[in-house]
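The values are calculated or read from the model by the stated rules, or taken from the named source; none is laboratory data. Please read these numbers as outputs of a predicted model, since none were measured by experiment. As a convention, Cβ positions derive from the backbone with ideal geometry for all residues, glycine included, and neighbour counts pool all protein chains shown.
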Amino acid sequence: MFASDAASRKVAWRIEQTLGVLAESERARLRLFLKLLNQPLFIAFQNGRASRFSALSQADAERVLLSLASSRIGDLRAGFQAIRRLATFHYYSAYTGVSPDPVWTAIGYTPSSNPPGALAALHLTKITGDTTLECDACVIGSGAGGGVAAAKLAVAGMKVIVLEAASDWQSVEFDQREEPGTRELYLDRGMTSTRDLSLSLLAGAALGGGTTVNWQTSLRTPDSVRAEWAASSGCEHFAGDSFTASLDEVCARLSVSTAESVVNANNAALRDGCKTLGYDWSTIPRNSVGCDALQCGNCVYGCRHGAKQSTAVTYLVDAQSSGNTRVIALCRANRVIVDNGRVRGVEATVSAEDGARYAVKIKAAIVVAACGSLHTPALLLRSGVRLPQLGRNLHLHPTTGIGAVFSHRIAPWEGPPQTIVCNEFASLRDGYGFRIETAPAHPGLIALATPWTGARAHRRQMQTSTNKALLIVLVRDRSTGTVTIDTHGRPLIDYRPGAGEQAMLREGMARASRILHAAGAVGVQTLHTNPLSIGTSGGAEAGHFADIESLCSAISTSRAGENYLALFSAHQMGTCRMGRNASTAVCDERGEVFGVRGLFVADASAFPGSSGVNPMITIMALAHHTAKRIAD
C-alpha cells in the first residue's frame, strides 16, 4: 500500500484552490451535494442506516459512494463524479516536493526533471495601470486561430494587438509536472465540463492556446469533410483551391511531417493490434522540429525548448518579427465594443502578478474573435450580438477510452504522445464513424479516468500504470449541444451524445478492446462507472468476462453516457458556424459576423460541422484563409 494519505498530499487544499476558478453556479451545486451527504436521512436512503457521512466507517462510506455512482438520479451520479474526479486527480498528480514521491514510486512514475529551457520566444507587453491602446486589428486569443490570424494581418502591414486571457508562461517557465502544468495551461485547471458533468472538456489556456499543450497530431481536413462543409454551408471555398493553399501553407510553416513520429510502446500497441486484425492504420504527421526524446511525453504541459511548433514559437513570432504586433497575456476580453453595427474596439481586464486588475480599452476597426468554441460565443453574447445560431451547433467529438494491462512496460507518459491512428472505422455511416488513437497520460489523468469501485481496487489498478496502454475512441458527431452564458457572462455548456454517437462509442470500445487483446494485453477494461473487463485488468467481478467475445457482447448493450461512462473531449467546434445567411449561421464566408462590420471569427467555432479529425490544422487553415480575406 502507499505510504501517503490524502491529508499529507493536501488533497482538500488543492481541491479548494481548483474550485476557486469555477463558476459560482458550479460551486453551489457541489456545496448542495456535500450538504446532502451530511444529512442522516439522505444517508439512510443510500445505506439503510441514518448517519452523517463524516461519521461512517470507510466500508460504509464506500458503499454510499458506490450507490450514488449508479443512482437513477442524474444529479447524484454527477455529484459522485465531481468528487471522484477531483479527489483522484489531485491525489495522484500532487507535487509535494518529496523525492522520491511514495505514490509515484508505487506506480512506477518518474516526473519531468524540467531540463534547461530555451529563451522566451515572445516579448509580452506589461500593463501596470488602466490603459487605452490603439491598433488596426485586435485579435482575441493566441491559439491555433488567433496566432495565425495575427501573423497574417501583421505581415500585411496592420498594427495588431493580441489579447490572451490565460497564462503568460513560455519555454523555461513551463513546469512539466502534471499538477502545475494542468493548473497553468488548461482551461479551468483542466476541470471544464458540461453542466451535467457527463463529459469532461480539455482545452488549452496558454500563450499559444491548445497548440501549446496538444498532442501534436497534425491531420489535414479530409476531402470528404471539405466537400460536405461546402455543400451544407454554401461556402464553396472549403472544397476549393484557396483552402487547399491555406492547408499547404500552414503545414509548411509548422514543419508537419512523420520524420519525428517515433512509435513508443503505447502507440506500438495500437499499431500491432491493427496489423494483427488487418485494420487500416497510419503514422500520424506531427508539428515538431528537434524533439528531445526525454521531454516528449511531458510536452503536454509545454515544450521547454521550442521543438513543438506551437503558435507561440511560429506564427506569433512571425507577427512580432514584422514589428507590428504586441501581445498582452493575462488579459480577458470582457466585450467587443459595437456602435451602429460596426466594431469600435474591445474592453478587457488585465490581471497583474500582484493581484491588481486594470481596465484596458483597445480602439480598433477590426476585431478577430479566436477564443475557442466555448469562449468565442460567450464573448459575442456578452457584446450584445444576437443571432439565432449563436452558441448553437456545438460539436465535441465525444471520446471514451479503453485501458489495457500488458506483461511488459508501456509507460504511457513517455515518448511522442500520438504517432499511430486507426482509420478503419472513420466512415462507417455516410461519412460518420470513429477513429482510434492513443492517449498519453500521467498519473492524475490515469486516476481520473480509472473507474472507482472502492479505495483498494482503485489503488490496485493504479499500481499497474507502468504496464498500461490507453486507447481512445474519437467519434465524429452529428448531434450538437449549446453554449450559453450565466449571469456573470461565463459559458454554460450543454451537450449529450445522441443515439448515433452512443452506438459509435459502443462499437468503438469493442473494436479498441479487440485491438489491445490482439496486441497481447493480459487485461482489458472499459471506463464505465461499473467497468467491463477481461483478464488481469483489476475490473470488478460483476463486469468481468471470460473472453474477448463476451466482453464485446457486453459492451454492445452497455450505457454510453449520462455519467455511466467516462466521456471526454479535446475538440470543441461549431458554435459560431460559417454560412451564407444570418438565419443558419453566425459569420459569412469571409468570417465576418452577420450584422457587425469589422467583427470576424477565426477559430473552430466557425466550423460548419464536425471535422472528424483532430482539428488543429483545420483551425489554422481557416484562420489563414479568413485573415487573408481581411487583409485583402
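Per-structure values
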| quantity | calculated |
| --- | --- |
| Hey, R220 within 27 Å of A631 (Cα to Cα) and of a type outside the set (A, V, I, L, M) or not | yes |
| Segment 343-366, subset surrounded by fewer than 21 Cβ atoms within 10 Å (Cβ to Cβ) and not charged (D, E, K, R), residue farthest from the chain's Cα centre (by Cα) | A365 |
| Residues that are aliphatic (A, V, I, L, M) and crowded, with 24+ Cβ neighbours inside 10 Å, drawn from segment 167-186 | L185 |
| Members of segment 437-480 found to be touching a residue at least 24 places away in the same chain (Cβ under 8 Å), more than 30 Å from T283 (Cβ to Cβ) and of a type in the set (D, E, K, R), listed by number | R459, R460 |
| Complete set of residues in segment 54-77 that are over 14 Å from S198 (Cβ atoms), among the aliphatic types (A, V, I, L, M) and surrounded by 13 or more Cβ atoms within 10 Å (Cβ to Cβ) | L56, A61, V64, L65, L66, L68 |
| Subset of segment 550-576 [under 25 Å from N614 (Cβ atoms) and among the hydrophobic types (A, V, I, L, M, F, W, C)] | I555, A560, L565, A566, L567, F568, A570, M573, C576 |
| From G372, G323, G297, residue being of a type in the set (G, A, S), under 30 Å from T182 (Cα atoms) and at pLDDT below 95 | G297 |
| Close pairs from segment 184-205: first touching a residue at least 40 places away in the same chain (Cβ under 8 Å), partner of a type in the set (K, R), Cβ under 6 Å, at least 6 apart | R189/R183 |
| Residues of segment 12-33 classified as closer than 18 Å to L187 by Cβ, assigned to a helix (DSSP H, G or I) and small (G, A, S), total | 1 |
| Matching residues in segment 157-168 - criterion: being outside any strand (DSSP E or B) and under 19 Å from K363 (Cα atoms) | G157, M158, K159, E164, A165 |
| Subset of segment 1-11 [surrounded by 13 or more Cβ atoms within 10 Å (Cβ to Cβ) and either at pLDDT below 90 or in a helix (DSSP H, G or I) (or both)] | F2, S4, V11 |
| All positions within segment 22-44 that are surrounded by 14 or more Cβ atoms within 10 Å (Cβ to Cβ) and either outside the structural domain of L76 (by TED's automatic domain parsing) or among the aliphatic types (A, V, I, L, M) (or both) | L22, A23, L30, L36, L37, I43 |
| Residue in segment 410-418 that is closer than 30 Å to Q176 by Cβ, among the polar types (S, T, N, Q) and assigned to a loop (DSSP other than H, G, I, E, B) present | yes |
| Every pair of residues 6+ apart whose Cβ atoms lie under 6 Å, when the first sits in segment 619-632 and is at pLDDT 95 or above while the second is of a type in the set (V, I, T) | M620/V148; M620/V250; A621/V250; A623/V148; H624/V148; H624/V250 |
| Residue list for segment 433-478, restricted to those being part of a loop (DSSP other than H, G, I, E, B) and over 12 Å from N266 (Cβ atoms) | G433, H442, T450, P451, W452, T453, G454, Q463, T464, R476, D477, R478 |
| Single residue of segment 209-226 satisfying the filter (touching a residue at least 40 places away in the same chain (Cβ under 8 Å) and over 14 Å from the mean Cα position of the chain (by Cα)) that is farthest from E164 (Cα to Cα) | S224 |
| Test result for Y109, in a helix (DSSP H, G or I), under 30 Å from L294 (Cβ atoms) and not acidic (D, E) | no |
| Residue under evaluation T584, criteria (1) farther than 30 Å from A404 by Cβ; (2) surrounded by 24 or more Cβ atoms within 10 Å (Cβ to Cβ); (3) of a type in the set (S, T, Y), criterion not met | (2) |
| Some residue of segment 496-506 being in a strand (DSSP E or B), over 15 Å from F406 (Cβ atoms) and at pLDDT 95 or above | no |
| Among the residues listed as C291, C251, the single one being modelled with pLDDT under 95 and buried (at least 17 other Cβ atoms within 10 Å of the Cβ) | C291 |
